[in-house]
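Comments concern the structure below.
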C-alpha cells in the first residue's frame with residue numbers, strides 16, 4: 001500500500017535527497033564506477049516506485065519527469081562551480 005503518489009515521492013527525492021547527495025559528492029573524488037553504482041541505485045528506486053523491472057520503462061519515466069541521471073547532475077554542479085569561481 002502506497003501512502004504517497006509516485007509524483008509526491010519523486011518530488012521529495014528531487015527536492016530533498018538529490019541536493020544532499022550531490023553536495024556530499026562534491027567533497028569526494030568520484031570514479032566512473034561510483035557513479036554507475038549510484039545510478040544503478042537510483043534506477044532501482046524508480047523500479048520500486050513504479051513497480052517494474054524494465055529499465056526502459058524506468059528511463060522513460062525519468063525522461064517524462066525530467067529526472068536527470070546522477071552523472072549529469074554532478075557534472076552540471078561542477079560546471080556551475082567552475083563558472084562561479086571564474087567570476088570571483
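This table checks each residue for (1) over 14 Å from residue 72 (Cα atoms); (2) out of contact with any strand residue (DSSP E or B) (no Cβ under 9 Å at 6 or more places or on another chain); (3) surrounded by 11 or more Cβ atoms within 10 Å (Cβ to Cβ).
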| site | (1), (2), (3) |
| --- | --- |
| 8 | yes, yes, yes |
| 11 | yes, yes, yes |
| 15 | yes, yes, no |
| 21 | no, yes, yes |
| 25 | no, yes, yes |
| 29 | yes, yes, no |
| 38 | no, yes, yes |
| 42 | no, yes, yes |
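Residues are listed down the side, and each one gets a yes or a no for (1) within 13 Å of residue 18 (Cα to Cα); (2) at pLDDT 85 or above; (3) surrounded by fewer than 12 Cβ atoms within 10 Å (Cβ to Cβ):
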site: 58; (1), (2), (3): no, yes, no
site: 63; (1), (2), (3): no, yes, yes
site: 68; (1), (2), (3): yes, no, no
site: 71; (1), (2), (3): yes, no, no
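With the checklist (1) under 21 Å from residue 9 (Cβ atoms); (2) more than 10 Å from the chain's Cα centre (by Cα); (3) modelled with pLDDT under 85 in hand, flag the one item residue 21 doesn't pass.
So the condition that residue 21 fails would be (2).
The values are calculated or read from the model by the stated rules, or taken from the named source; none is laboratory data. This structure is a prediction, so every number in the text was calculated from the model and none was measured. Don't worry about glycine lacking a Cβ; one is built from the backbone with ideal geometry, like all the others, and counts go over all protein chains shown.
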